[in-house]
1. What number results when the radius of gyration of the protein assembly as shown, computed over Cα atoms, is divided by 2.2 N^0.38 Å?
2. What share of the DSSP beta bridges in the protein assembly as shown is antiparallel, in percent to the nearest 5?
3. Under 10 Å, Cα contacts only: if you run a Gaussian network model on chain B, which one of B:P139, B:P89, B:P269 comes out with the highest mean-square fluctuation?
4. Among A:K155, A:K27, A:K53, whose mean-square fluctuation peaks in a Gaussian network model of chain A (Cα, cutoff 10 Å)?
5. Could you line up A:V113, A:V119 from fewest to most neighbouring Cβ atoms inside 10 Å?
6. Hey, for A:P70 with labels 7 Å out along Cα-Cβ, what do the inter-copy distances come to in nm, ordered shortest first?
7. Let me spell out the model: positive unit charges on the Cβ of Lys and Arg, negative unit charges on the Cβ of Asp and Glu, origin at the Cα centre of chain B. What dipole size does that give, in debye rounded to 20?
8. Mind checking Rg over Rh on the range B:32-114, alpha carbons, Kirkwood formula for Rh?
Protein chains: 2
Amino acid sequence: MTAEIISGKQLASDIRGELKQEVESLKAKGITPGLAVILVGEDPASQSYVRAKEKACAEIGIYSDDNKLPSDISEEKLLSLIEEKNSDPSIHGILVQLPLPKHIDEAKVLLAVNPDKDVDGFHPVNVGKLVVGQKAFLPCTPHGIVQMIKRAGVKLEGANVVIVGRSNIVGKPLANILMQKSELGNATVTVCHTRTKDISKHTIEADIVVAATGLPNSVTADMVKDGAVVIDVGVNRVPDDTKKKGYRLIGDVDFDAVSRKASFITPVPGGVGPMTITMLLYNTVDSAKTANNIK
Amino acid sequence: MTAEIISGKQLASDIRGELKQEVESLKAKGITPGLAVILVGEDPASQSYVRAKEKACAEIGIYSDDNKLPSDISEEKLLSLIEEKNSDPSIHGILVQLPLPKHIDEAKVLLAVNPDKDVDGFHPVNVGKLVVGQKAFLPCTPHGIVQMIKRAGVKLEGANVVIVGRSNIVGKPLANILMQKSELGNATVTVCHTRTKDISKHTIEADIVVAATGLPNSVTADMVKDGAVVIDVGVNRVPDDTKKKGYRLIGDVDFDAVSRKASFITPVPGGVGPMTITMLLYNTVDSAKTANNIK
């Protein structure tokens, strides 16, 4: 079997096309969705993420409100900027780029974001609502993963899903989305991690394997059954002299070998990555609609 | 193999003894932990639960503030009572007995409880904090289950735990506690439910099975492996003419057969039930300590 590639790039482009139309129809009603992007310091990776997010906003017509702050900004000043954005009616989403400098309490900052503008879905009240099945912003990476699976035509209901990795931004929220009694859920979910006795014993039985370990080639062909759906969340840099940058990106899955066994697989790059930003745009448009009582 | 019985009754009594001493030492500092119990209407089961909770408070010296409201009370009045308890410094925990009458929005009421007094652990912000690994009140039934497993000397780290049932008060929060990187977690957790293709395929591999289906005898001996630890969360009434009340209580597990295969098993009654109220007392004492900066 040779796996069909689920192109996150293509899917993201399709969804962004749909969102662009939605934004146009909102603008016709006098509403421009607005996203405040807050970046503290000059970490190159964070700068690059923020640029990508702002570019994506521009493409579909979301107003992006750019806030670049020095790395030595006080927690108090950061919190007062968030307070300002919380009460600004032109802003429907607030994104605080992580990580924050060490002198700032990250949990406190995330708690300060108005949950109704928490388009990252990281505020505990949104995480809690997700768990108990209330309407909430879904965190972007897990939401992107679920959309990729669904739009590839793979059935979630009754599927055995094994997630490898229990981070707050991928593994744990994804498990909670997939176990819900909902159209994005109804799967039987297992979460494996560093303390799991024998990860392959679980993955080999899975209809869908989600690799979010942060380790290259940590999901290998002998760990997945024939015909499995394999989602690769990893983004790892490996040295590569043939590239201008001196490295290339690979995922957590041994792509070549696994793609000969799986039925569907996501590539890296061009898989989960582009979907993450897209779901941020989706949440921002959704928030603008909710704020204006539009369904 | 004949399973060792984990007596929730005995364990609850031990923990209540510990809590009673803590309350005494708090009282010596001039602090009396207070729990506001709010009961709307006259549902006999709810009345009986509330009585049991108030009796348990009295036993260990917690002040219980009794609020019985008519079933036709308006949502507004209920919310204003909660507001009053939220700001009353003599109250450290607020318990709203569920279910509420249909004209009242349950989710809205639970959201109105100050998260710092949400000793039931049902407020989304507490659920969310639990998921992301921040300090939060743990919901009472799952917390009681974890304590039973730990105090029986069963190792959670690396254990394969299969939870059958995905309710908001048991299955989902328990899964989230057990998958944390913490001393109450580090287990590999699978959540099964009505849409799971073959529940026994999962349970037969489990080191620990938690039955929370709400259906008598839904976990049978052929579904568990030799030496498994079996926790029975069910409370089901079955007609029994030999009893004064005309019924007896049984769990979700086929106790007789499963207890011949398991290494540990919890009985019904006298298992998870007494632990649930005990963890409510625990959370109330904990809240009183936190409110007074006592560790």
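All of the numbers you see were taken from the coordinates with simple rules; none came from a lab. Here the structure is a predicted model, which is why all the values come from computation and not from measurement. Glycine gets a Cβ as well: all are built from the backbone with ideal geometry, and neighbour counts include every protein chain shown.
1. Scaled against compact globular proteins, the figure is 1.02.
2. The antiparallel fraction comes to roughly 15 percent.
3. Comparing B:P139, B:P89, B:P269 in the GNM, the peak value goes to B:P89.
4. Its mean-square fluctuation being the largest, the pick is A:K27.
5. The fewest-first ordering by Cβ neighbours comes to A:V113, A:V119.
6. 6.5
7. Dipole size: approximately 420 debye.
8. Here the Rg-to-Rh quotient is 0.95.
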